[in-house]
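Shown next, in structure tokens, is the structure this report addresses.
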Amino acid sequence: MNWNRGGRGGWNNLGPMIAMMAASAASEWESETRGSRRRGRDWSDGDERPRRKRRGRMFAQGELRLALLALIEREPRHGYELIRAIEDMTGGSYAPSPGAVYPKLQMLEEEGQIKPAKTKSSEDDEDAGGKKPFKVTKSGKAELEDRADEVEELMGRLGEHGERAERVREKSPDLFRAMGNLANVLKNRAKAGKLDQQTIDQIVDIIDEVAKRIERL
């Protein structure tokens, strides 16, 4: 991750990253709480299976491509609209970077799964920064039909992640505000070119010290 690039670099995604970590932590806490409630029960029917935890990345290999295809089927969209749609679905806790989305759109177009949508404003959109809306082709619709179960599971998981993020916000609005302040300060300093290696080392020491203090609470 390039922390010194403005706009589309790592600093620009720091806020969603911090929010995503908080939502993930809350999810694990809730899972552990539910697990503790269930301990001692007799699952005699044998149908209760532990859910495999997903850690780290929001999308497994190939899932971002499938999510983009499914969102485009709902309505024609361009890259920025797709990024915002995923951010909305996850409760603002995650937004894929343009560097991840646009190559996938190019891949889908080359595969014949999507194509440019003809709208009254298409030419104006392209002239105003290359915001080209796409729509799903017959081939793309066929793929979505064949993978309907995968699409349903994927979209449901994104929605659940958004619900968890919202619950964390409701429980700890001040915590989210504080994390947002941290992300904005670091992002603004990076954009202003005020993050040399010495400053970064000092910031890392401060964050590590805060983490230790929180752990001792």
Placing each pseudo-label 7 Å from Cα in the direction of the beta carbon, ARG84 and ARG213 end up separated by a distance in nanometres of 3.9
Bounding extents of the stretch 129-172 in its principal axis frame from Cα atoms, largest first in Å, are 45, 35, 7
Long-range amide H partners of PHE134, meaning residues 5 or more apart or on another chain whose placed amide H is closer than 5 Å, are ARG77, HIS78, ALA117
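Report the FRET efficiency, 1/(1 + (r/R0)^6), for LYS171 and VAL204, where r is their Cβ-Cβ distance and R0 is 25 Å, rounded to 0.05.
Values: r = 28 Å, r/R0 = 1.14.
The computed FRET efficiency comes out at 0.30.
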With every protein chain kept in place and a 1.4 Å probe, the residues MET89, MET107 fall, from largest accessible area down, as MET107, MET89
Taking a label point 7 Å from the Cα of LYS194 along Cα-to-Cβ, the residues of the stretch 143-186 whose backbone nitrogen sits under 15 Å from it are 182-186
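In the structure shown, do any of LYS132/LYS194; LYS104/LYS194; LYS191/LYS212; LYS118/LYS187 have a Cα-Cα gap over 30 Å, and if so which?
On the way: LYS132/LYS194 35 Å; LYS104/LYS194 34 Å; LYS191/LYS212 28 Å; LYS118/LYS187 37 Å.
Too far apart for the 30 Å limit: LYS132/LYS194; LYS104/LYS194; LYS118/LYS187.
The values are calculated or read from the model by the stated rules, or taken from the named source; none is laboratory data. Just so it is clear, the structure is predicted and the values come from calculations on it, not from any experiment. Cβ sites come from the backbone with ideal geometry, for glycine too, and all protein chains shown count toward neighbours. These area figures cover heavy atoms from the full protein model, side chains too; ligands, DNA and RNA do not enter into them. Shrake-Rupley method; radii C 1.70, N 1.55, O 1.52, S 1.80 Å.
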